[in-house]
Structure formats: C-alpha cells, structure tokens
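In what follows, a single structure is set out as structure tokens and then discussed.
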Amino acid sequence: MIVCIAEKPSVAKDIARIIGANQSKDGYMEGNGFQVTWTFGHLCELKMPEDYAPQWKSWRQEYLPMIPPRFGIRLKDDKGVKKQFDVIQRLMSKAERIINCGDAGQEGELIQRWVMQKAGAKCPVSRLWISSMTDEAIREGFENLKDQQEYHQLYMAGLSRAIGDWLLGINATRLYTIKYGQPGHPLSIGRVQTPTLALIVKRQQEIEQFKPEPYWVLSTIYRDTTFTATKGRFTNKEEGEKSFELIKDKPFEITKVEKKNGKEAPPHLYDLTSLQVDCNRKFGMSAEVTLNTIQALYERKLTTYPRVDTQFLSEDVYAKCPAILNGLYQAKFAGEAPYAAFIKPLGAKKLPKSKKVFDNSKVTDHHAIIPTGVPPTALSDLERKVYDLIARRFISVFYPDCKFATTTVQGKVDKVEFKVTGKEILDPGWRALYQKTEKSDTEEENKDDEERTLPSFEKGESGPHQPTLTEKMTTPPKPYTEATLLRAMETAGKLVDNEELRAAMKENGIGRPSTRAAIIETLFRRHYIRKERKNLIATPTGIELIGTIRDELLKSPELTGIWEKKLRDIEHKKYDAAQFIDELKQQINDIVRQVLTDRNDKRITITTDEDLKKLKKVRRTTTKATAATAKKTEGAAPVEGTTCPVCKQGTVIKGKTAYGCSRWKEGCNYRVPFKS
C-alpha cells in the first residue's frame with residue numbers, strides 16, 4: 001500500500017477522492033492501492049526541559065541555561081492526537097511507500113517529517129508539492145511527485161527555527177520570570193514577539209515624549225486657487241509676518257505653468273503580508289482573521305496557497321491565466337457578475353506578459369496569491385471581501401498603466417514665490433477596477449488620491465490675491481495599527497514606503513508571513529499590548545519588560561532580521577544549520593550570565609484581565625465626557641494647528657466639513673462644523 005499523509009482531514013478527503021481512495025476507515029481513507037490519512041497540524045513537538053532532566057521542571061536560576069546535548073521530539077499530550085498517531089504509525093509500518101502531502105511550506109514539511117520520524121517510517125518517501133487545492137492541481141502534483149530529499153534543506157530550516165525558538169523562548173522566559181517576574185505570572189520572551197513588542201513600545205515612547213512645536217505657513221488665494229509659499233514653513237512667527245507684510249498689498253503674478261504627463265503601473269499581486277495590510281486598512285480585519293479567511297478560501301479551492309512572501313508568478317502560470325479570468329468572468333454575487341465588464345476587454349487580445357508579474361527569479365516554492373478560476377459560491381461577508389481584493393488585483397495586472405497629467409503653476413508676489421500642483425486622470429487604466437470600491441482610511445490618503453484639476457493659468461498674468469499666515473503645530477508619529485506593524489515587521493522596523501525597496505528587504509524581516517499574525521495575537525494574549533480602535537497600545541507590562549531587557553539581541557528588530565536571513569540561507573544551502581544553533585547557544589549563555597549578575601531587584605508590573613476591563617471602562621467614560629465638552633465648544637472659533645481645547649493633547653485640524661482634533665482615532669470628539 002502507498003500511504004498518503006495530509007495536514008488536515010478536509011485536505012485528505014480531497015486527495016482521497018482524486019486518487020480513488022473512497023472507502024472510509026477509522027482515521028484514514030482507502031482504495032485503489034492508497035491509504036490516505038492525516039494529522040491535525042502539529043502532532044509532535046520538541047521535548048520539554050523535564051523530558052531531558054527531571055530537575056529542569058523547576059524554574060530555578062541554577063539550572064540555566066538549559067541546553068540539551070541533542071534535541072528530541074514527543075507526541076503532544078492529547079487523547080485525540082495519540083489516537084490518530086496510532087493509526088498513522090500502524091499504516092506506515094506496513095507501507096511500501098509514503099507520500100508527504102503536507103502543506104507545501106517550511107512548517108508543513110516540519111509537521112510531517114516529525115510524525116514520520118516518531119512513527120519510525122523506513123520506506124521511501126515522495127513529496128506532493130502543489131500551490132492550489134483544485135482537482136487539476138492535485139492530479140498534476142501526483143503526476144510529478146518529487147523525492148523528499150529535494151526538500152531536506154527546507155526541513156533543516158524549519159528544524160533550526162524550532163530549536164532556536166526553544167532555546168531562546170524557554171531560557172529567556174524562565175530567566176526573566178525568575179529575576180524580574182511576580183509569582184504565578186511568567187514573563188514570556190520570544191525570538192520574534194519581543195522585538196515586535198519593542199517596536200510598539202518605542203513608537204509609544206516617541207509619541208509620549210513628543211513636544212509639539214509651532215510653525216507658520218504662508219499661502220495666498222488667487223483666482224479661487226490656494227498657492228503655498230515655496231519656502232515652506234516658517235519656524236519663526238516674525239519671519240512669517242515679515243513675508244506677509246511684504247506681499248499683502250502687491251499683485252500676484254504667474255511666472256510658470258508646467259504640464260507633465262505620467263504613468264502609474266498596476267500594483268504588484270498580493271503576498272500574505274500585503275493582503276493582511278489591505279484587509280486591516282480597508283476592513284479593520286486583524287492579521288489572524290485575514291489569515292484564517294484566506295486559508296479557508298484556499299481549502300475551498302478558490303485561491304492559491306496563502307502563506308507566501310512573493311508578489312510574482314512563475315512564467316508557467318501565464319498559460320493558465322485566460323482560464324482563471326474566464327472563471328472570474330462567470331463569478332456572480334447576488335445575481336451580479338462584478339468582474340465581467342472588466343474581463344471582457346481583455347478577451348479580445350493576447351494578455352500582456354510583464355516582468356513585474358511573471359518572473360521565475362522572484363519565485364521559489366510558491367507564487368503570489370491569485371484566484372484559481374473556480375467560480376465562488378456561498379461566501380461569507382469576510383470571504384467575499386478578501387476574495388474581491390485578490391480577484392481585482394489579479395485582473396488589474398493585465399490592464400494598462402493609469403495615465404495622468406500633473407500641472408504645476410508657480411507665481412510670485414515681490415520676491416516671495418508660491419506654487420500649486422494639480423493632478424488630472426487622463427486614462428484610468430487599471431484604476432478603473434477600483435473607482436467604486438476603494439476608499440482610503442485616512443485624510444492623508446484621501447488627499448493623496450484626490451484629483452485636483454486647476455483652472456487655466458497663463459504665464460505673465462497677474463491680479464489681486466488674499467494672503468494668509470496660518471499657525472500650525474508639528475504632530476507626533478502615529479501609533480502602530482496591525483497594518484503598519486505588519487509592514488514594520490516585514491522591514492525590521494525601517495520606514496519604507498517604496499514597494500520595490502520593501503520587497504528587497506523582506507529577507508531581513510521579523511518572522512515569516514505565516515507567523516506574524518500569531519505573534520501579534522500572542523502579544524495580546526500575554527497582555528503586553530491592547531487595542532484602542534485600530535491603534536496598538538503597549539500595556540505597563542509590555543513597557544516595563546522592554547525597559548528591563550538590556551540585551552539588544554532579544555529586542556532588536558535588526559538583529560532578529562539577521563536571524564531570519566540566516567534561516568532563509570539554511571533553506572537555500574547558503575548557511576549551515578549547525579552553525580546557526582551553535583551561535584545561538586553561545587548567545588543564550590551570554591544573556592543568562594548578564595541577567596543573573598544584574599543587581600536590579602525591580603519586579604515588573606503585571607497587567608491583568610481586570611486591568612484591561614478597567615481601561616476600557618475609563619476610555620468609554622472619557623469618550624462620553626469629551627463628546628459633552630466638544631458640544632459646549634462648538635461655538636468657539638477654531639484655529640487650525642492650535643492645541644485641542646477638549647483633550648489638550650491633539651491639535652485642531654481642518655476636515656472636509658468641520659474642524660476637529662487630530663486625536664479623533666484615540667477617542668477625542670472635538671468637532672466644530674463649518675458655518676454654512
């Protein structure tokens with residue numbers, strides 16, 4: 001018999017149906033020479049400290065660091081796991097060949113290899129490697145099975161990651177709990193979670209320590225168009241007033257009118273992180289909810305493998321694209337075909353094959369997330385939203401660039417120069433797919449996206465104008481949201497807006513795309529962070545923990561990014577796994593020695609469930625009080641850039657219909673509508 005082992009029962013049943021194993025047994029399917037069984041994710045795990053030495057069960061500093069001479073695995077302590085493992089072990093003991101059908105990634109490789117090791121499998125092993133769960137993909141995969149040895153380095157990278165997490169997590173957690181914790185409240189330290197927490201704490205401290213400074217902006221209105229002084233902001237009011245006096249009674253003259261045409265290419269296809277970012281920004285979905293949703297779409301054969309970090313397709317996918325588009329053409333929601341009108345123009349000619357989409361050098365194990373072409377049915381609201389993002393992004397890459405014209409008009413009054421810029425869309429191109437669906441979250445994005453067509457100006461014309469000198473205040477950096485935190489994790493904390501540069505930095509990011517959602521959820525679960533609206537706020541526990549950790553290795557995003565690069569290099573045979581573990585062992589020894597010699601006896605504050613409930617209650621009460629105060633101040637004349645009269649922390653900003661507080665996302669409801 002040939003034994004196939006999948007990662008989930010649902011996946012096993014799909015595989016069994018395709019290969020003809022149609023007889024249901026206890027824990028497996030059988031038929032046509034195959035037995036198809038499954039795990040439930042991880043059945044095995046690395047042994048715990050007490051499995052190596054009984055005394056290591058005690059959390060005592062004299063047992064640190066705990067470094068086993070050789071790592072071993074054990075079954076998880078669960079009746080269901082043990083029952084299923086017994087089935088797997090019995091089948092594998094009689095198998096003539098095993099086909100590893102685990103998820104095609106590092107974690108999937110580790111899950112199945114550990115089970116086969118624990119079961120004592122001796123027969124040859126093949127690997128099923130597929131990027132989607134469609135019937136066609138499964139059939140093709142079975143026709144092109146690989147030797148498992150081809151994926152040995154993938155396993156070594158996964159094993160190194162697991163051992164590294166054990167060494168650091170077990171030792172550092174016990175070390176800091178013993179030295180700085182409180183009874184019954186362990187302080188969790190992790191290779192990825194601690195640098196991620198450090199990012200949030202650092203940003204929060206930057207906000208709290210920020211001191212607003214005034215500046216003045218000189219602008220003038222000429223022919224109902226606002227021109228801003230090219231000198232920019234004045235940090236000195238007297239200097240601004242001097243320029244204002246210089247221009248107030250003199251005519252405004254147009255000195256230059258320049259019009260340039262430009263193009264904007266379609267955005268890259270989605271990888272997991274960019275999908276999670278968009279889902280959080282547009283729909284408020286957490287990274288974990290997005291991952292669970294796209295995983296469900298994958299298992300329903302509607303989208304390709306989700307846990308990917310590339311935004312490119314391999315060239316062999318190009319031939320399948322017309323069929324995928326045809327499937328999207330047939331897709332209907334509530335009786336409407338949302339993509340048909342966009343796909344119809346593509347059917348009349350050969351699809352373009354751009355290097356920004358199809359590039360073998362940018363694809364390793366899996367390509368970007370795209371639809372499979374299977375028409376979707378009975379989607380939940382969240383599934384529909386996520387599917388729609390992926391479908392529109394896929395269609396858009398075959399559309400032409402968006403063409404626009406940028407007009408820059410320069411003018412002057414005496415020696416003071418002014419400028420205004422307008423943007424006009426000439427041909428929406430790929431943006432046509434988003435004109436009715438895409439709404440930006442922030443005022444800044446709305447301003448960036450806003451088309452502003454200027455009146456027709458002629459060089460040399462002049463006339464009267466209305467100058468203003470406006471006082472504004474500098475604003476602090478914004479708190480992290482899940483969307484911006486995911487981007488920061490991807491680039492090891494560096495602020496990178498350019499898409500191409502960001503892609504080049506992915507190898508040095510914190511964590512993997514598939515694990516970042518779980519890391520953020522762990523920080524919530526440990527009460528290291530909490531959420532205010534979309535903002536991620538560090539709790540006293542999180543702040544004090546990062547303040548206590550002095551070793552940069554534990555909290556530096558850059559150093560953690562270097563670790564991630566080494567793990568990727570292990571996967572691609574560029575770095576030795578044993579060297580990675582040996583280096584980590586030495587680092588653990590150094591950390592233990594440093595902490596145990598610290599004479600600081602301070603204990604870290606523990607944030608409890610009750611504390612978080614109180615914070616929510618206080619915030620609700622504050623919001624109501626703020627709203628009441630805001631109502632009283634509606635008659636006051638607001639001055640843009642001044643301190644908010646309600647919360648005393650934000651600044652007054654000008655919206656589309658009213659003045660408001662820059663801290664409206666934090667709950668300040670100060671609002672003064674424009675006079676009609």
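On the basis of being part of a helix (DSSP H, G or I) and over 32 Å from the mean Cα position of the chain (by Cα), does Q149 make the cut? Spelling it out, Q149 is indeed part of a helix (DSSP H, G or I) and over 32 Å from the mean Cα position of the chain (by Cα). Taking the conditions (1) among the hydrophobic types (A, V, I, L, M, F, W, C); (2) out of contact with any strand residue (DSSP E or B) (no Cβ under 8 Å at 6 or more places or on another chain); (3) within 26 Å of K531 (Cα to Cα); (4) surrounded by 22 or more Cβ atoms within 10 Å (Cβ to Cβ) in turn, F283 satisfies each one other than (4). In the range 378-405, of all residues being out of contact with any Gly (no Cβ under 6 Å at 6 or more places or on another chain) and more than 18 Å from F342 (Cβ to Cβ), the one that is surrounded by the fewest Cβ atoms within 10 Å (Cβ to Cβ) corresponds to A378. Filtered by the rule that a residue be assigned to a helix (DSSP H, G or I) and surrounded by 20 or more Cβ atoms within 10 Å (Cβ to Cβ), the range 245-275 gives I247, L272, T273, S274, L275. Each residue in the range 120-177 was checked for being closer than 26 Å to L75 by Cα, out of contact with any strand residue (DSSP E or B) (no Cβ under 8 Å at 6 or more places or on another chain) and of a type outside the set (K, R), and 20 pass. Here the condition is being acidic (D, E) and over 30 Å from the mean Cα position of the chain (by Cα); of E245, E288, E299, it holds for E245 alone.
Do any strands (runs of 3 or more DSSP E) lying entirely in the range 1-43 carry at least 3 residues that are more than 13 Å from E299 (Cβ to Cβ) and in contact with an Asp or Glu (Cβ under 8 Å, 6 or more places away or on another chain), and which ones are they?
Working: elements: 2-6, 23-25, 28-31, 34-38.
No strands (runs of 3 or more DSSP E) qualify here.
Any chance the range 575-587 includes a residue that's farther than 16 Å from T194 by Cα, at pLDDT 90 or above, of a type outside the set (G, A, S) and in a loop (DSSP other than H, G, I, E, B)? Yes, the conditions are met somewhere in the range 575-587. Would you be able to say whether some residue in the range 428-438 is closer than 30 Å to E258 by Cα, of a type in the set (K, R), modelled with pLDDT of 90 or more and surrounded by 12 or more Cβ atoms within 10 Å (Cβ to Cβ)? Yes, the range 428-438 contains at least one residue that is closer than 30 Å to E258 by Cα, of a type in the set (K, R), modelled with pLDDT of 90 or more and surrounded by 12 or more Cβ atoms within 10 Å (Cβ to Cβ). For first residues located in the range 130-141 and closer than 16 Å to L297 by Cβ and outside the structural domain of V317 (by TED's automatic domain parsing), partners that are at pLDDT below 90 and charged (D, E, K, R) and lie 6+ apart or on another chain with Cβ distances below 9 Å form the pairs S131/D365. Where residues in the range 90-103 are buried (at least 22 other Cβ atoms within 10 Å of the Cβ) and not hydrophobic (A, V, I, L, M, F, W, C), which of them is nearest to G31 (Cα to Cα)? Within the range 90-103, the match that is nearest to G31 (Cα to Cα) is N100.
Here is the figure for the range 98-144: residues that are under 19 Å from V317 (Cα atoms) and of a type in the set (A, V, I, L, M, F, W, C) total 8. Within the range 506-531, the only residue that satisfies the criterion of being over 22 Å from Y305 (Cα atoms) and at pLDDT below 90 is N508.
Against the condition under 27 Å from A578 (Cα atoms) and more than 31 Å from the chain's Cα centre (by Cα), how does G72 come out, does it pass? Talk me through it step by step, then tell me what you get.
Working: under 27 Å from A578 (Cα atoms): yes; more than 31 Å from the chain's Cα centre (by Cα): yes.
Yes.
One line per residue, one yes/no per condition, for (1) farther than 30 Å from G373 by Cα; (2) at pLDDT 95 or above; (3) assigned to a helix (DSSP H, G or I):
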residue	(1), (2), (3)
I130	no, no, no
A137	no, no, yes
E140	no, no, yes
R174	yes, yes, yes
L197	yes, yes, yes
E206	yes, no, yes
P212	yes, no, no
I221	yes, yes, no
T230	yes, no, no
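In a loop (DSSP other than H, G, I, E, B) and acidic (D, E): which single residue out of D316, D278, D309 fits that description?
Values: D316 fails: in a loop (DSSP other than H, G, I, E, B); D278 fails: in a loop (DSSP other than H, G, I, E, B).
The conditions single out D309.
If you go through the range 232-281 and keep only what is more than 30 Å from A368 (Cα to Cα), in contact with a Ser or Thr (Cβ under 9 Å, 6 or more places away or on another chain) and of a type in the set (D, E), you end up with E253, E258. In this entry, S126 is excluded by the filter for residues that are within 31 Å of the chain's Cα centre (by Cα) and not aromatic (F, W, Y).
This table checks each residue for (1) closer than 30 Å to Q587 by Cα; (2) surrounded by 15 or more Cβ atoms within 10 Å (Cβ to Cβ); (3) at pLDDT 95 or above.
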{"position": "G31", "(1), (2), (3)": "no, yes, yes"}
{"position": "F34", "(1), (2), (3)": "no, yes, yes"}
{"position": "T37", "(1), (2), (3)": "no, yes, yes"}
{"position": "W56", "(1), (2), (3)": "yes, yes, yes"}
{"position": "M66", "(1), (2), (3)": "yes, yes, yes"}
{"position": "D78", "(1), (2), (3)": "no, no, no"}
{"position": "K83", "(1), (2), (3)": "no, no, yes"}
{"position": "I88", "(1), (2), (3)": "no, yes, yes"}
{"position": "G105", "(1), (2), (3)": "yes, yes, no"}
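When K242, K256, K237, K250 are checked against the criterion of being free of Cβ contacts under 8 Å to residues at least 60 places away in the same chain, of a type in the set (K, R) and farther than 30 Å from I390 by Cβ, a single residue qualifies: K242.
A residue that is of a type outside the set (K, R), touching a residue at least 12 places away in the same chain (Cβ under 8 Å) and within 25 Å of H572 (Cα to Cα) cannot be found anywhere in the range 79-86.
Taken over the range 593-619, the criterion of being surrounded by 11 or more Cβ atoms within 10 Å (Cβ to Cβ) and at pLDDT below 75 is satisfied by K616, R619. Scanning the range 61-107 for residues that are outside any helix (DSSP H, G or I) and charged (D, E, K, R) returns R70, R74, K76, D77, D78, K94, E96, R97, D103. What about K122, is it farther than 30 Å from N600 by Cβ, assigned to a loop (DSSP other than H, G, I, E, B), assigned by TED's automatic domain parsing to the domain that holds F34 and without any contact (Cβ under 8 Å) to a residue 12 or more places away in the chain? So K122 fits the description; yes. Listed by first and then second residue, the pairs with beta-carbon distance under 7 Å, at least 6 apart or on different chains, first residue in the range 641-669 and closer than 19 Å to E471 by Cα, second of a type in the set (K, R) and modelled with pLDDT of 75 or more, are G641/K472; A658/R671; G660/R671.
The values are calculated or read from the model by the stated rules, or taken from the named source; none is laboratory data. Here the structure is a predicted model, which is why all the values come from computation and not from measurement. Every residue, glycine among them, receives a Cβ derived from its backbone with ideal geometry; neighbour counts consider all protein chains shown.
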